[in-house]
1. Compute the FRET efficiency between residue 291 and residue 215 as 1/(1 + (r/R0)^6), taking r as their Cβ-Cβ distance and R0 = 22 Å, and round to the nearest 0.05.
2. For the ranges 236-247, 101-112, 280-291, 150-161, what's the packing order if you count other beta-carbon atoms within 10 Å of each residue, average per peptide, and put the highest first?
3. Arranged from highest to lowest average of other beta-carbon atoms within 10 Å per residue, in what order do the peptides 78-90, 354-366 appear?
4. Report the Cα centroid-to-centroid distance between the range 173-224 and the range 39-93 in angstrom, as an integer.
5. Rounded, prolate or oblate: which fits the range 233-292, taking a ≥ b ≥ c as square roots of the Cα gyration tensor eigenvalues, rounded meaning a/c under 1.5, else prolate when a/b beats b/c?
6. Under the rule a/c < 1.5 gives rounded, and otherwise a/b versus b/c splits prolate from oblate, where does the range 264-365 land using the Cα gyration tensor?
7. Given a Förster radius of 25 Å and the C-beta distance between residue 149 and residue 179 as r, what FRET efficiency does 1/(1 + (r/R0)^6) yield to the nearest 0.05?
8. Specify whether the C-alpha gyration tensor of the range 104-248 places it in the rounded, prolate or oblate class, a ≥ b ≥ c being the square roots of the eigenvalues: rounded for a/c under 1.5, otherwise prolate if a/b is larger than b/c and oblate if not.
């Protein structure tokens, strides 16, 4: 469907929304007309980016940032800053696509690409959704285990019930689920404010290494892990779905104003996610690295090491943030899976069935007694393989004026997005090669990379 056709939808489409969403549209249109007091005019537009931001502070990020901070101190903070700037651009394009076209990325792929390309992309995207859910599900289960000493096998069941309960809020409109996920992001942020107080990082070194790049020897691999696995494939699809019919524009000019109101939310939500990631790393630097504990490479080890170094409260706060991260990101992953299936192939399955299917890999890993940290690693490798597909498709659609109307990319935006996609692709290929060198006998090492 073209952007012009979307903007000519009948007003009846608004009446099909839940009552809460109708009220949201009314408040948004008041703000678009210049009504409302000051910054409060932004509130109707807040929600989608906070849901998307959960993907940037999921349990996989916990493991990567803790490992980087324990091995290299503060020196890899710049990689988090760079990754976050890339994420802001990609998520802005995704949000803009939904606003301009009234379609999400998966739907546009299904409509404009050949079936010979659509079905493989759908299959890869489903695998990515399951790999994402693996990391998130394991994170929540580990959080329950660390906090309450619940057996991992029981924790899987509790996590499944809790995330399904969160997802059931969708029947009441977008606002309730936006509120609970945003609250969990707030819990994670508050946890790391507390961890900052406990760990007392060197703020001068934090500021310096946030802007001064460092690449030395074995630091290349953690940098690749931080940057190359930051943007999650499922959230590239999801953000466009969250904005496509959330606030329905009545004119092309109104669509442009909606996008302008959306930008502050993206900057705030992803900026907060970036600060949380930075605090994960500098907490590890100020505790583990400072005490010469450079081999803290997994989440349970970090928890059990924090307690004697900073006291039991620090360990508890860490586990609470991990649990909030796992529950919220697992719910978001299931939402994205529904969007991907419906968009690519035009059908959905019941939410409870998708919840069961996506938790099967986690159940197998937990009940087989496999190493959760190694499982998290492999999930990140799978995501690295799939990531370039949605980013390339996103750039392709947002540069088409027949779809985007006056929200089409500027030429400079397309070029910058292309460079970002190229950097992510190269880093992911490097990560895959180094992984192959580590795990497959006979694969030669790359010069200068340990």
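Read-outs: derived from the displayed coordinates by stated rules, not from any lab. Computed from a prediction, not measured in an experiment: that's the story for all the values here. When we count neighbours, we look across all protein chains shown, and the Cβ atoms used for this are built from the backbone with ideal geometry, even at glycine.
1. The calculated FRET efficiency here is 0.30.
2. 236-247, 280-291, 101-112, 150-161
3. 78-90, 354-366
4. 7 Å
5. Cα axes put the range 233-292 in the prolate bin.
6. Since a/c reaches 1.5 and a/b is larger than b/c, the shape of the range 264-365 is classed as prolate.
7. Efficiency computed from Cβ-Cβ geometry: 0.25.
8. oblate
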